[in-house]
1. What do you get for the angle between helix 45-57 and the principal long axis of the chain? Use alpha-carbon atoms, 0 to 90 degrees, nearest ten.
2. Taking the Cβ of Pro37 as the center, what net charge do the other residues with Cβ under 15 Å away carry, scoring Lys and Arg +1 and Asp and Glu -1?
3. Once amide H atoms are placed 1.01 Å from N in the peptide plane, what residues at a sequence separation of 5 or more from Cys18, or on another chain, have their amide H within under 5 Å of its amide H?
4. For Leu4, what accessible area in Å² do you get when you roll a 1.4 Å probe over the heavy atoms of the protein chains, rounding to the nearest 10?
5. Would you kindly calculate the translational diffusion coefficient of the chain, applying Stokes-Einstein with the Kirkwood radius from alpha carbon pairs, for 25 °C and a viscosity of 0.890 mPa s, and quote it in µm² s⁻¹ without decimals?
6. Report the label-to-label distance for His5 and Asp35 in nanometres (one decimal), using points 7 Å from each Cα along the Cα→Cβ vector.
7. Thr42: accessible area at probe 1.4 Å, nearest 10 Å²?
8. Note the full-extension length gain between Thr24 and Ile52 as 0.36 nm times their separation in residues minus their Cα-Cα distance, in nm to one decimal.
Amino acid sequence: MPELHWQKSTYSQEASACVYVAATYTGTILLRESDEPATSLTIAPRQLSALIAAAKQWPGSGH
């Protein structure tokens, strides 16, 4: 199994908990938080897109 390449979200701040994303060889996306790197959420690209769109609509999100 190939090694995952984790990237920090551009919305993560330096001093706070960061969100990381990685694409798997099967096309799914993994999400994890820097506080719990051994725990990840697996999501399909279309569902991730819907999650991001919903988060941008959330009150107080700054978007």
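1. 20
2. -2
3. Placed amide hydrogens put Ser34, Asp35 under 5 Å from Cys18.
4. About 50 Å², rounded to the nearest 10.
5. Working: Rh = 12.8 Å.
D = 192 µm²/s.
6. So the two model labels end up 2.9 nm from each other.
7. 90
8. 8.2 nm
The values are calculated or read from the model by the stated rules, or taken from the named source; none is laboratory data. A quick note: this is a predicted structure, and the numbers were derived from the prediction, not measured. As a convention, Cβ positions derive from the backbone with ideal geometry for all residues, glycine included, and neighbour counts pool all protein chains shown. Note: areas computed on protein heavy atoms with side chains; ligands, DNA, RNA excluded. Shrake-Rupley method; radii C 1.70, N 1.55, O 1.52, S 1.80 Å.
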